[in-house]
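Presented below is the structure to which this report refers.
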Amino acid sequence: MSYLLEVKGLCKHFPIKKGVLRKTVGLVKAVDQVSFYVKPGETFGLVGESGCGKSTTGRAILRLIEPTSGQIYFEGEDIVKLSRTHLRKARRDMQMVFQDPYASLNPRMTVTELIEEPLQVHGLYSTKERREKVFELMEIVGLNRSYHDRYPHEFSGGQRQRIGIARALALQPKLIIADEPVSALDVSIQSQVVNLMEDLQEEFNLSYIFIAHDLSVVRHISDRVGVMYLGRMVEIGTKQELYQEPAHPYTEALLSAVPIPNPKAKRERIVLKGDVPSPANPPTGCAFHPRCPKAFERCMQERPELIHLGGEHYVACHLYG
Ligand code: SF4
Ligand code: MG
């Protein structure tokens with residue numbers, strides 16, 4: 001199986017600076033040694049509480065922020081090593097859809113201008129052809145073409161997200177990184193947007209990294225899911241593996257909090273003690289140990305590595321291996 005995307009040991013560390021001299025006094029390991037892959041045409045759900053590093057991971061893959069270290073292979077080529085010029089080409093194949101379409105769309109641009117912009121930036125097509133493309137894209141995402149000269153504020157949240165998706169689709173990407181694309185929308189609208197994304201995936205053989213803080217949102221759309229905690233990947237599995245046999249105590253706790261129709265699953269709610277610790281000062285060993293109901297001696301000293309459990313199931317926890 002060749003992967004569309006393979007992320008290996010990705011790190012994004014931010015220096016903590018203090019005082020007038022802006023002296024570096026520490027390091028926030030926002031993303032720390034994260035590895036995973038995405039196959040062509042699949043959806044990889046990336047889940048965790050806010051601040052766990054999932055958005056930073058998404059942005060680092062597109063090099064919207066520069067990774068501190070690690071490799072990001074896209075169709076076999078390490079894009080961390082690409083020059084700005086070559087990166088521009090790679091960027092056509094990888095697009096992002098943002099959480100808040102209102103904040104990510106220029107309020108002074110019409111729908112036509114917004115959807116046309118990526119084509120223009122990359123110097124594609126004539127003006128007339130671009131206009132045709134815009135109409136085509138509007139249709140594909142379910143926007144009435146008669147709205148073409150309207151501004152973002154004239155649309156509902158769901159419609160604005162459709163504009164964001166049309167923009168992302170304009171360059172015919174292979175991978176779309178969707179950062180909480182439905183979190184800001186009403187529940188009834190959420191499923192419409194998720195359904196649209198699924199239809200588009202089928203039609204254009206797209207791969208998605210679908211970022212969410214909630215395991216229930218990604219369950220429907222994901223083929224595989226990765227769970228992050230404090231900048232680290234703690235579990236990866238197919239939908240079946242992860243939702244039916246969660247291995248990591250953190251995944252178990254997240255799952256116990258969402259209503260998922262699985263008669264076999266234990267429905268006991270696991271309430272985690274304490275808050276997510278500061279990523280500037282993460283706990284030693286397993287970063288989850290202060291909150292883990294199953295923690296033991298070793299967890300405080302030794303950081304668990306991601307190990308293979310079988311199938312496509314991986315976990316970073318001393319209870320295994
Ligand atoms: Fe809990 Fe220890 Fe596993 Fe971490 S390594 S999740 S603290 S049991
Ligand atoms: Mg985020």
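All of the numbers you see were taken from the coordinates with simple rules; none came from a lab. Just so we're clear, the structure is a prediction, and the values are computed from it rather than from any experiment. Note that we place each Cβ from the backbone using ideal geometry, even for glycine, and neighbour counts take in every protein chain shown.
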For this session: Quick one: work out the % antiparallel among DSSP beta bridges in the chain, nearest 5.
Result: 60
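Sort segment 22-158 into rounded, prolate or oblate with this rule: let a ≥ b ≥ c be the square roots of the eigenvalues of the Cα gyration tensor; rounded if a/c is under 1.5, and if a/c is not under 1.5, prolate when a/b is larger than b/c, oblate otherwise.
prolate
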Seminar exercise, completed: Taking a crude spin-label model, label points 7 Å out from Cα along the C-beta direction, the L124 to S216 distance in nm is 3.7
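If you take all C-alpha pairs in segment 170-321, what percent of them are over 19 Å apart? Write out the running numbers ahead of the final one.
Values: 6768 of 11476 pairs.
That fraction is 59 percent.
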Seminar exercise, completed: Kirkwood-based Rg/Rh on the Cα set of the chain evaluates to 0.99
Exercise. If we count other beta carbons within 10 Å of each Cβ, what is the order of S156, S55, fewest first?
Worked result: S156, S55
Exercise. When a footprinting reagent is the concern and you count Cβ atoms within 10 Å, what order do K273, K54, K133 take, fewest first?
Worked result: K273, K133, K54
Exercise. Rg to Rh ratio, segment 153-250, alpha-carbon atoms and Kirkwood radius?
Worked result: 0.99
Exercise. Which order results if V28, V20, V258, V34 are arranged by neighbouring Cβ count within 10 Å, fewest first?
Worked result: V20, V258, V28, V34
For this session: Rounded to the nearest 10 degrees, what's the angle between the helix 187-204 long axis and the longest principal axis of the chain, both from Cα atoms, 0 to 90?
Result: 70
Problem set entry | Dipole in debye (nearest 20) - the chain, about Cα centre, beta carbon charges: Lys, Arg +1; Asp, Glu -1 | 1120
Problem set entry | Convex hull per residue volume in Å³, alpha carbons only, for segment 104-166 | 78
For this session: Let me have the relative contact order for the chain, percent, based on Cα pairs under 8 Å that are six or more residues apart.
Result: 20
Exercise. Hey, which of these cross-link pairs are over 31 Å Cα-Cα: K17/K39; K17/K89; K18/K39; K54/K294; K8/K89?
Worked result: K17/K39; K17/K89; K18/K39
